[in-house]
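Following: one structure in structure tokens, then a few remarks.
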């Protein structure tokens, strides 16, 4: 198979297109012909070696945890999928080596679901990891009817899905921090844009009115944004972060997405209902994954970057 692989940790240039052996398909695995693979900040962290203290890594290493494609074959114990099924999923393993920047992936059932019929492969490849992260985070702090939710970095990969998912879970109001150039985009998702920076607390208070606080703060940034969050919420137990475990010291929740098929199916259903969409800023051919990572490393990506295979 073709894959973008690396033999050392480093910047984007350590990846190169190579021929590697086709993956083995165990009894509980699903062989997927990859049509598209999502590019996520965690992929860059893996590439650079920042996750070495969390998961075992092996070379040659193929990055990528998001996939969309077509089932080629299944292991004998697989009952939920058949050849020809169009699928998408989040394929984080317990070790890092066999990623989704490849033409074939031996996928786990627990991290796979049928692709929404209304979605392209490129859009579906951007849904799984960010969608699961947003959904599981918002559920962790009990987002529901009547809530006012603030999403830090609402135009980003996780943030733009979190805005829509909060609405789908019943939130009454959603506010989202974003740069001015993304304010119209944030409005199109169903959120009220708020300028970030030193005046964030005042900006949120002005937008919310009343006691100037929201019910939930969802942090996709860390640092100063997380530091401001206790002043923005009524209960610090309803602060959730996906990037900064210092949230635990504030009394909030830290979430690292788990591959859960039922959650993927929930996301797919919301897409087909027309209440959830994925913004794909740019696609790159698999062989140009280095350029995709450079774009991601530069920051300020609206929505998702995706590789096509």
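Any read-out appearing in this document is the output of simple, stated calculations on the displayed coordinates, not a laboratory observation. Computed from a predicted structure; not experimentally measured. Please note: Cβ atoms are built from the backbone with ideal geometry, for glycine as well, and neighbour counts cover all protein chains shown.
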With contacts defined as alpha carbon pairs under 8 Å and 6 or more residues apart, what's the relative contact order of segment 7-151 in percent?
28
Distance from the Cα centre of segment 22-54 to that of segment 76-95, in angstrom?
13
Label corresponding to Rg/Rh (Cα atoms, Kirkwood Rh) when calculated from the structure given, among (1) 0.98; (2) 1.00; (3) 0.93
(1)
Within segment 200-232, list the residues whose amide N lies under 12 Å from a label point set 7 Å along Cα→Cβ of residue 45.
220-222
Given the C-alpha centroids of segment 123-150 and segment 243-309, what is the distance between them in whole angstrom?
11
Within the chain, what percent of beta bridges assigned by DSSP are antiparallel, to the nearest 5?
55
If segment 237-309 were replaced by its equivalent ellipsoid, with semi-axes equal to the square roots of 5 times the Cα gyration tensor eigenvalues, what would those be, largest first, whole Å?
27, 21, 12
Over segment 145-268, what is the relative contact order in whole percent, taking alpha-carbon pairs under 8 Å and six or more residues apart?
19
Over the chain: helical MRE at 222 nm, DSSP H runs n ≥ 4 each giving -39500 (n - 2.57), nearest 500:
-7500 deg cm²/dmol
Could you list 2, 258, 115, 304 in order of exposure, starting from the residue whose Cβ has the fewest other Cβ atoms within 10 Å?
258, 2, 115, 304
Output needed: percent of Cα pairs per 10 Å distance bin for segment 130-254, bins running from 0 to the one holding the longest distance.
16, 53, 30, 1
Arranged by the count of other C-beta atoms within 10 angstrom, fewest first, what order do 266, 65 take?
266, 65
What do you get for the angle between helix 128-140 and the principal long axis of the chain? Use alpha-carbon atoms, 0 to 90 degrees, nearest ten.
40
Gyration tensor on Cα atoms of segment 185-239, a ≥ b ≥ c root eigenvalues, a/c under 1.5 rounded, else prolate if a/b beats b/c, else oblate, says rounded
What is the chain's relative contact order, in percent, from Cα pairs under 8 angstrom and six or more apart in sequence?
20
